[in-house]
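Have a look at the structure below before the remarks.
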Amino acid sequence: MLLSEQAYKLIDVELAKYPADQRQSAVMSALRIAQTEKGWISAEIIDDIAKYIGMPPIAVQEVATFYNMYDLKPMGRFKVTVCTNLPCALRDGEKTLDYLKEQLGIDVNETTADGLITLKEGECMGACGDAPVLLVNNHHMCVRMSKERIDEMLADIRKEGQA
């Protein structure tokens, strides 16, 4: 077992939501729980979740690779995802991404030298009217991100990174 006892208890809570013959329905939640604990999802974790849930590892791999919220390689402590889908791109999503690249000194899918921030490009986040939109660590949505707001967000991340 690669995860903590607490993680498996959380997965058990998710499994209990489905009939016994539909355990695979909890795979997305299991992947989320594992990623929250480990920071990313390794091939070993995919195999472990598959065994725990009782489904083929390739089926878990298919889910993990289909959705962009799952990280299949180590990320920085903070993952900043910029929506560049067409509506956001038309409302400065691309410019926002370029500004972040410049400020961080990295490109998309790279991590800052201190390991603090990984920059990602994402698809629709469902907030097109509030573009440009960023998502931090898959959980915190930042909207209407001007250069000033991006600078404030980066300062907050750096401050939290030192804590």
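The values are calculated or read from the model by the stated rules, or taken from the named source; none is laboratory data. Just so it is clear, the model here is predicted, and its values are computed rather than measured. Cβ atoms come from the backbone with ideal geometry, glycine included; neighbour counts cover every protein chain shown. Note: accessible area is taken over every heavy atom of the protein model, side chains too, but ligands, DNA and RNA are not part of it. Shrake-Rupley method; radii C 1.70, N 1.55, O 1.52, S 1.80 Å.
Only helices (runs of 4 or more DSSP H) whose full extent lies in the stretch 1-111 are considered here, and the ones with at least 2 residues that are modelled with pLDDT of 95 or more are 5-15, 27-38, 43-53, 57-66, 93-104. For the subset of the stretch 109-136 comprising residues that are under 14 Å from the mean Cα position of the chain (by Cα) and exposed (fewer than 15 other Cβ atoms within 10 Å of the Cβ), which member is nearest to Y67 (Cα to Cα)? Ranking the candidates gives E123 first. Taking residues in the stretch 133-156 that are within 21 Å of E94 (Cβ to Cβ), and partners anywhere that are open to solvent by 70 Å² or more (accessible area, probe 1.4 Å) and assigned to a strand (DSSP E or B), the pairs with Cβ atoms closer than 9 Å and at least 6 places apart or on different chains are V133/M141; L134/H140; L134/M141; L135/M141. Are any residues in the stretch 18-46 over 15 Å from A7 (Cβ atoms) and of a type in the set (D, E, K, R), and if so, which ones? Of everything in the stretch 18-46, those that are over 15 Å from A7 (Cβ atoms) and of a type in the set (D, E, K, R) turn out to be D21, R23. Residues in the stretch 136-163 that are touching a Leu at 6+ places or on another chain (Cβ under 6 Å) and of a type outside the set (A, V, I, L, M) were compared, and the one that is farthest from G122 (Cα to Cα) is G161. Just one of the listed residues (D114, D47, D107) is without any contact (Cβ under 8 Å) to a residue 24 or more places away in the chain, out of contact with any Cys (no Cβ under 9 Å at 6 or more places or on another chain) and more than 30 Å from D12 (Cα to Cα), and it is D107.
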